[in-house]
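Right, one structure below, let's go through it.
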Amino acid sequence: MISSFINRAKQGESLYLCEIRDAFSSSGISIECVVELPVGAQRHYIIPFPAASSTESAGEAEFVKEYFYANIYNLISVLGGKKITLYINPEYSHIKELCAALDDVFQINVQRDKRTGYGKCLNVTDRVNAAIGQLPFRFEIVSGKCEQVPPKSEASLADAIVVFRNAVKAAQNSVLCGIDIGGTDIKVVGAVNGRIKVLKEYDWCPSDMTTVDELITPIILITRVIRVALSMPDTDRANELRKVMLCKDASDDEMRSALEAAEKEFGEPVLLDGIGVNFPDVVIQNKIVGGETPKTQSIRKHSSDYEVEFGRLSSLDSKLLAHCKSGGTVKLANDGSLAAYTAAVELAHSDRAPEVENGVFAHTLGTDLGSGWIDENGKIPQIPLEAYNCVIDLGNYPAREFDALDLRSVRGFGTGIAGTPQKYAGQSGAYRFAIQYFLEGAPELYQELIAKGFIEETNDGIYVITSPRDMRKGLLEHIMVMADNGQPQAQLVFRAIGKFLAATWRETEFILRPKAKRRVLFGRFVKRQNCFKLIQEGSKELPGLTLDAGDDTIAFTPLMQDLKADPVYTVAQFGQAVGAAYFAVKS
């Protein structure tokens, strides 16, 4: 069995981790894992193994090793935790050896800035633990069976729908700002008394920034812009300044100049009742604590003490609070969590409201794959939920040979680990599949990407062009337009994304066991309905998943209805910013 897996991988085929787990389950050999979460709850897992006789060759043994460590890595990436206890049968020497090496493989005793590969997930976990006063993560190995399986929580959801409906009611008497921070742009909504008054899009590239100040400064600038834009009267001069500030292509200097002129001419702008922020990193108890995403890669590279520098990002909420009224609120959450929250609020105002009682699970498809979950309690679980980091594919050996930045590579940017959704379901996945399918079936389309300045070939590989002009968004839009227009190879791109979203779903099913069986998708990938339908088609290759589009079809609240009616911007683009505005209301 294992040798056939390896042969398929050498041919470039994918090997879903969930299918390998299913295949090994017939052996009757397994290991029990208990993950102790930082808040004290526990979760129990059984990881099946092949018999020792199946791993006699070096290649087979290496395959099983990667399979085991991928399972552990995924548990930590999604759940974090104070510790994982592994219960093993001492007769299974091949399993015992793998467990004995866990501290070394995950680099428990290596300082954070020196960790690589699997060890990277512990950086996030240790920061989460430190933020809530816990010790660093550890493994514990126990010979024998787990005597007491942690009980499954069965909490009531009777008030969840009411909570989401109350957020919309509170927005009707509030001045709110919702900020959706992405890897290539920031989208902002300003709302007064339950109606959208201003929308702002701002392009940026946080992965190139070398200090936290560079990252925070534009966020504060845009917040000031929203305050002023909401405050000015409807006059020719005010509208002239407002137009400059809200222009998508306005530079920071142009926005600042118009902002200062407006403040001088029209006085102190209104203070906000609340600011909701959708941030693309792990957020625990209103603090940004992850620190391992591509958005902060240049800060990691250029900081003499990254832990101190990254820690300064925790001041973002207090800096934003300065723009709120006394008693106002600033609430931060991960981008995936805000996507799930957004869907929950809208569904709670529809004829599908009963679905919210099972919780809501959502993904954001953009620069990366975001994942968020509103659980059966109607709350955002305080876990990392970095599903984009999970290993879902143990195959495709040829694509592992490329550098992580090469568009053909399946290796993650921050970890170098192969087979994570980052290279299958996000923007980089779209690029990779486009290169693959164009070269295989329409080489003239590949040459067109070069001719139009989207990508370049160098001696080191194939890369997207980011300077002097960042072509990442343009390249994705080019591929989407082709798929939307029926180009066969471009359509294959989005079917492939759907297939690997289903593989990601299977992994989150294994780890989280949510009652919510549907997934709501937000972001640029669902902006074009035909692309979303192709993603739906591809997801059927692993049955059981139902995908919904986070677009006009789930626009039920007043703010979202306003967005749906906007002549320029769409729900797929700005929906999470609206959700962030509702999230900002004082609870």
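Between I284 and V289, the built amide H atoms are under 5 Å apart, and every one of these is 5 or more places off in sequence or on another chain. When the listed pairs K295/K423; K379/K423; K187/K331 are checked against a 26 Å cut-off, the alpha-carbon distance exceeds it for K379/K423. Compared with the dominant principal axis of the Cα atoms in the chain, helix 427-441 is inclined by about 70°. Helices in the chain, meaning DSSP H runs of at least 4 residues, each add -39500 (n - 2.57). Divided by all residues, the mean residue ellipticity at 222 nm is -13000 deg cm²/dmol.
Taking amide H as placed 1.01 Å from N in the peptide plane, R138 has its amide H under 5 Å from the amide H of K83, I84, each at least 5 places away in sequence or on another chain. If R0 is taken as 35 Å, the Cβ-Cβ distance between V481 and D234 corresponds to a FRET efficiency of 0.40. With a simple spin-label model that places each label point 7 Å from the Cα along the Cα-to-Cβ direction, the separation between K540 and K515 comes to 2.9 nm. Taking all Cα-Cα distances within region 1-143, those exceeding 22 Å account for 41%. With contacts taken as Cα pairs under 8 Å at a separation of at least 6 residues, region 34-122 carries a relative contact order of 30 percent. Annotation for region 513-555 versus region 87-137: alpha-carbon center distance of 34 Å. Per-residue 3J(HN,Hα) values for region 177-187, derived from phi via the Karplus relation 6.51 cos²θ - 1.76 cosθ + 1.60 with θ = phi - 60°, read 10, x, 10, 10, 9, x, x, 10, 7, 10, 10 Hz in sequence order (x marks Gly and Pro). Projecting the Cα atoms of Y341, T329, T364 onto the charge dipole of region 313-370, computed from C-beta unit charges around the Cα centre, puts T329 farthest toward the positive end. Take every Cα pair under 8 Å whose residues are at least 6 apart in sequence, average their separation, divide by the length of region 475-556, and the relative contact order is 39 percent. Estimated at the nearest 10 Å², the accessible area of S587 is 140 Å² with a 1.4 Å probe.
Compactness check for region 452-587: Cα Rg over 2.2 N^0.38 Å is 1.23.
Between 0 and 90 degrees, the angle of helix 120-131 with respect to the longest Cα principal axis of the chain falls at about 60 degrees. Where both bridge residues fall in the chain, DSSP classifies roughly 60% of the beta bridges as antiparallel.
With respect to the chain, whose longest principal axis is taken over its alpha-carbon atoms, helix 160-171 is tilted by about 30°. Between Q297 and T466, the FRET efficiency estimated from the beta carbon spacing at R0 = 22 angstrom works out to 0.95. Once the Cα-Cα distance is subtracted from the 0.36 nm per residue extended length, the F266 to S318 segment shows a gain of 16.1 nm. Note on A23/E440: beta-carbon distance plugged into 1/(1 + (r/R0)^6) with R0 of 35 Å gives a FRET efficiency of 0.80.
Per residue, the convex hull spanned by the Cα atoms of region 101-153 measures out at 125 cubic angstrom. In this view, the solvent-accessible surface of M482, computed with a 1.4 Å probe and all protein chains in place, comes to about 20 Å². Between region 1-61 and region 294-355, the C-alpha centres lie 35 angstrom from each other.
Ordered by 1.4 Å accessible area with all protein chains kept, Y92, Y16 run largest first as Y92, Y16. With a 1.4 Å probe and all protein chains left in place, how much accessible area per residue does region 174-216 have, in Å²? On a per-residue basis, region 174-216 sits at 26 Å².
In this structure, the residue pairs whose Cα-Cα separation is over 28 Å, taken from K120/K533; K114/K527; K197/K264; K10/K527; K533/K586; K82/K473, are K120/K533; K114/K527; K10/K527; K533/K586; K82/K473.
The values are calculated or read from the model by the stated rules, or taken from the named source; none is laboratory data. Everything quoted here is computed from the prediction, not taken from an experiment. Please note: Cβ atoms are built from the backbone with ideal geometry, for glycine as well, and neighbour counts cover all protein chains shown. When the accessible area is computed, the model is the full protein with side chains, heavy atoms only, and any ligands, DNA or RNA have been set aside. Shrake-Rupley method; radii C 1.70, N 1.55, O 1.52, S 1.80 Å.
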